[in-house]
1. If residue 188 meets every condition in (1) outside any loop (DSSP other than H, G, I, E, B); (2) at pLDDT below 90 apart from one, which number is that one?
2. Which one of these is in contact with a helix residue (DSSP H, G or I) (Cβ under 8 Å, 6 or more places away or on another chain), surrounded by 20 or more Cβ atoms within 10 Å (Cβ to Cβ) and among the hydroxyl-bearing types (Ser, Thr, Tyr): 212, 194?
3. If residue 243 passes every condition in (1) free of Cβ contacts under 8 Å to residues at least 40 places away in the same chain; (2) in the same structural domain as residue 89 (by TED's automatic domain parsing); (3) buried (at least 16 other Cβ atoms within 10 Å of the Cβ) but one, which one does it miss?
4. Applying the selection to the range 117-153, what residues are in contact (Cβ under 8 Å) with a residue 12 or more places away in the chain, in a helix (DSSP H, G or I) and either among the hydroxyl-bearing types (Ser, Thr, Tyr) or in the same structural domain as residue 106 (by TED's automatic domain parsing) (or both)?
5. Can you find even one residue in the range 254-261 that is buried (at least 22 other Cβ atoms within 10 Å of the Cβ) and more than 16 Å from residue 97 (Cα to Cα)?
6. Taking the condition of being surrounded by fewer than 16 Cβ atoms within 10 Å (Cβ to Cβ) and either closer than 15 Å to residue 97 by Cα or in contact with a Lys or Arg (Cβ under 9 Å, 6 or more places away or on another chain) (or both), how many residues in the range 278-293 meet it?
7. Residue 156: over 24 Å from the mean Cα position of the chain (by Cα), part of a loop (DSSP other than H, G, I, E, B), crowded, with 21+ Cβ neighbours inside 10 Å and of a type in the set (A, V, I, L, M), yes or no?
8. Give the range 269-288 a look and list any residue that's outside any helix (DSSP H, G or I) and either of a type in the set (Val, Ile, Thr) or not assigned by TED's automatic domain parsing to the domain that holds residue 67 (or both), or say none.
Amino acid sequence: MTPGIRPRLRLAAAALCSLVLLTGCAAGAQNKPNTSYADGDGPTVIGTDTSAESRVVAAMYGELLTRAGQKVVTAKTRYSSPAASAKAVVAGKLGLAPAYESTLLRTFPDGDTLPGNMSATLSMALPMGITALPPAAAQRGVVLAVTQATARRHDLHSLSGLRKAGSRLTLGGSASSAPDAPTPSSLKKVYGVTLTTAGTSANADVLALRGTDPSITEDKLVVLADPEGVIPPEHVFPLIQAPYAGLAARKALARVNSALTTDQLAALAASVDTGGSPAEAARNWLKSKGLLS
């Protein structure tokens, strides 16, 4: 394609998408809760995927927006994945949903990556009229972890230390097939590590797990540092339609950012997974952090 054409096409497509969203003619406009929804006059419809993490974070967003005087409605539909809920925001079916950085970039891959500037990268990947607000400290991305016994045996603290263990260790775990999970070849390229693939086996020496997996705490696993950034970031953040992203909403949602850590999100998700109410878990956590006035 002739240089310059693709950027112009991208801008034109983004402008068209924005126009479609703002005029209520998007594919999801038929599912809007009222006729003024696309203009931001109606309540902010908050949606989630099926994960406990998404449900409890969405409940936090709802509590904070309500306390800030915003009208909110929780969508009845739970979407099958973070990618699906992100698409629902873009389509106008939702006003707001929790999203994750790398997942979003795989879902909307047209943006140019700016090293070290995830905010700008997300902004370029998203259609006009859709905003990625600043992320929380918490992530649900993949981590590599080992048992305490394995860590002691090989003096492991980071992925670079795996090189000293030679090729005797296996790589597996429940998240080993996730799109953002590191592969043996990527680990070898960056860290000089040679690992044997063990699929999703929970008996592997090195386990690929979601950072919010309760087994990390329950089994007292040692999460290995990734100083070279082989594993992409997956911080949770509010993906929101621009009409609902006014100053009051931005300030309210930003209250979560520095307070919510991966360990805390894991504990909240575990309580929801065992039958707890996302709304109650979110409200209690927000109160414990002094975030509900």
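1. (2)
2. Only one candidate passes the filter, namely 212.
3. Among (1) free of Cβ contacts under 8 Å to residues at least 40 places away in the same chain; (2) in the same structural domain as residue 89 (by TED's automatic domain parsing); (3) buried (at least 16 other Cβ atoms within 10 Å of the Cβ), residue 243 violates only (1).
4. Residues satisfying the conditions are 118, 119, 121, 122, 123, 124, 125, 150.
5. Yes, there is a match, as at least one residue in the range 254-261 is buried (at least 22 other Cβ atoms within 10 Å of the Cβ) and more than 16 Å from residue 97 (Cα to Cα).
6. 2
7. It is true that residue 156 is over 24 Å from the mean Cα position of the chain (by Cα), part of a loop (DSSP other than H, G, I, E, B), crowded, with 21+ Cβ neighbours inside 10 Å and of a type in the set (A, V, I, L, M).
8. Scanning the range 269-288 gives a single hit, 274.
The values are calculated or read from the model by the stated rules, or taken from the named source; none is laboratory data. On a predicted model such as this, the values are computed, not experimentally measured, just so you know. Cβ coordinates were reconstructed from backbone atoms using ideal geometry, including for glycine residues, and neighbour counts include every protein chain displayed.
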